[in-house]
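Asker: Dropping a structure here in structure tokens format, bear with me for questions.
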Amino acid sequence: YSSKDLHGIELIDSYVFNQVENIRFNSTVGKYVGYTELGLKNAETWNKGSVLAQELGELERFCKHNADLHYSAVLDKTGEQG
């Protein structure tokens, strides 16, 4: 994200095995995308079921909540000079 209102925050959840990315969820795209044969099968299944709804909820529940905490704790503070 690039602003305090967290408008542009993005969740990316990648599943990697043996250094090969099989599947990725990107909140901007709004669905799972497969990159291997197994990843394509899983993406098709996960995009139809409750897994997709759960992943979409993580952006609000986890990402925005924690980003707001970190923004307040780190970026709003000004250090003393000297």
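The values are calculated or read from the model by the stated rules, or taken from the named source; none is laboratory data. Model, not experiment: these values are computed from the prediction. Neighbour counts are summed over all protein chains in view; Cβ atoms, including those assigned to glycine, are modelled from backbone coordinates with ideal geometry. Protein only, heavy atoms only, side chains kept; ligands, DNA and RNA dropped before computing areas. Shrake-Rupley method; radii C 1.70, N 1.55, O 1.52, S 1.80 Å.
Asker: Within region 28-55, can you find the residues that are surrounded by 13 or more Cβ atoms within 10 Å (Cβ to Cβ) and either at pLDDT below 85 or aromatic (Phe, Trp, Tyr) (or both)?
Answerer: Those that are surrounded by 13 or more Cβ atoms within 10 Å (Cβ to Cβ) and either at pLDDT below 85 or aromatic (Phe, Trp, Tyr) (or both): Tyr32, Tyr35, Trp46.
Asker: Here's a follow-up. Please enumerate the residues belonging to region 56-73 that are touching a residue at least 60 places away in the same chain (Cβ under 8 Å) and open to solvent by less than 30 Å² (accessible area, probe 1.4 Å). Explain how you work it out, then say what you get.
Answerer: So in region 56-73, the residues touching a residue at least 60 places away in the same chain (Cβ under 8 Å) come out as 67-68, 71.
Ala67 - this is the single residue of region 56-73 that is touching a residue at least 60 places away in the same chain (Cβ under 8 Å) and open to solvent by less than 30 Å² (accessible area, probe 1.4 Å).
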